[in-house]
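> Dropping the structure in here first, questions after.
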Amino acid sequence: MTKKQRVLVIVGLVLLMLVVLLLIGWFAIIPASIRHCASSVQMTLNYMDIVNIPDNSTLTVDLSLNIQHDVGIAATTDSTTVSLLFNGAVFATLPFPGLDIKTGSQDYNITIDADMPITDQSVFNAMSDALMNQAEITLTATASLDAHALGMSFNDLSFERDLPLEGFTGFSDPEPVIENIEFTTCTSSEYLININVTLDNTARMGLDGIGALNMSVYYGQEYLGYALSQKPELGIPRGVSDQSYLITVDTSAVSISSMVLSSLAGSTQFYIVGNNPYVTTHGQFVEALSNVNMSVPSSSGSLTNMNFGSSCSLVSLLS
């Protein structure tokens, strides 16, 4: 072999090695780096508000996510559809926007305002029931991502994140408080009682679009009647809200005097529960709301927070 041939062989081997290294980088290192970028994205659910309920299989949500990442390769992802799971089963899907993943440490929020189709009502019932009664539940978001980086595309990247979500704890922490009781109408057959309640929803979910609720009301163990919410446009938002309910009481079934005396003495304890089939017109939430049992104490049982309409009198109620 001549010297020229040896040089050509060496050059060929070097080129072959470079091609092999390039192929390894193309098919192994770069995809692994992109998968690492995708897996390093941290996601937290800030809140999810249900702002409208178009039909029994769809919710319109306003959702906020916090996203954090610190990567060395800039990338973008296409918009996709995320599946939401509870206890390993899918209950809904949600459109998810494309991300612009910049290099370096990034921390930002994104909002999603979209319709969320319910794909499995039984799983949704289990999720919403747990959310209504527990301090926290965990949702899981899964998706298949298409990413683009370094002029190349990488398809079907698996993405899965657990999303802890603070629940309603049965609206018991803190307890709702009755601020005002007004006997608006008193007849021989029924009493109409308006109660104003301060409700502090500490969950990271708002039920703004739930509409009017028709709850059952108990005084201790005694059934008083049904309570229809008077602010259907308010729903149950996150944070503190002033709720108003109109209670219809059948005079033939209830002795009202003991309740009035307890209210005046500051020891009134109402229970607003959802154990009736008319609790809501939205079928998705009937099962979850049927398990609601709110203990509602009066803030100060005195004449200052109890009022009487023209057809009612304290003397007649106590007699």
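Rule-based calculations on the coordinates, nothing more; no lab input. A quick note: this is a predicted structure, and the numbers were derived from the prediction, not measured. With ideal geometry, Cβ positions are generated from the backbone for all residues, glycine too; neighbour counts draw on all protein chains shown.
> Along the Cα-to-C-beta direction of Ser295, a point sits 7 Å from the Cα; which residues of region 125-150 have their amide N less than 19 Å from that point?
Counting backbone N atoms under 19 Å from the label point, the list is 132-136.
> Here's another thing I want to ask about it. Sort Thr103, Thr60 so the one with the fewest other Cβ atoms within 10 Å of its own Cβ comes first.
Thr103, Thr60
> Can you list the residues, at least 5 places off or on another chain, whose amide H is less than 5 Å from the amide H of Val71, using H built in the peptide plane?
Gly104
> Right, here's the next one. For an R0 of 41 angstrom, estimate the FRET efficiency from the Cβ-Cβ distance between Asn196 and Gln68 and round to the nearest 0.05.
0.45
> What number comes out for the charge environment of Gly283, summing +1 per Lys or Arg and -1 per Asp or Glu over other residues with Cβ under 15 Å away?
Values: positive: none; negative: Asp55, Asp120, Asp129, Glu287.
Net charge in that neighbourhood comes out at -4.
> While we're here: For the residues Val273, Val240, what sequence is obtained by ranking on other C-beta atoms within 10 Å, fewest first?
By the 10 Å Cβ count, ascending, the order reads Val240, Val273.
> Net charge near Asn307, counting Lys/Arg +1 and Asp/Glu -1 over other residues with Cβ under 15 Å of its Cβ?
-2
> List the residues, sorted by chain then number, that are 5 or more residues from Thr280 or on another chain and whose placed amide H is less than 5 Å from its amide H.
Asn214
> Within a 10 angstrom radius of the beta carbon, how do Asp173, Asp49 rank from fewest other beta carbons to most?
Exposure proxy ranking, most exposed first: Asp173, Asp49.
> Rounded to a whole number of µm²/s, how large is the Stokes-Einstein D of region 170-318 at 10 °C and 1.306 mPa s, given Rh as the Kirkwood radius over C-alpha pairs?
So the translational diffusion coefficient is about 102 µm²/s.
> Another one. I need to check one value: relative contact order of region 182-253, counting alpha carbon pairs closer than 8 Å and at least 6 residues apart, in percent.
Result for region 182-253 is 41 percent.
> Given the convex hull of the Cα atoms of region 42-167, what is a quarter of its surface area in nm²?
So the mean shadow area of the Cα hull is 7.8 nm².
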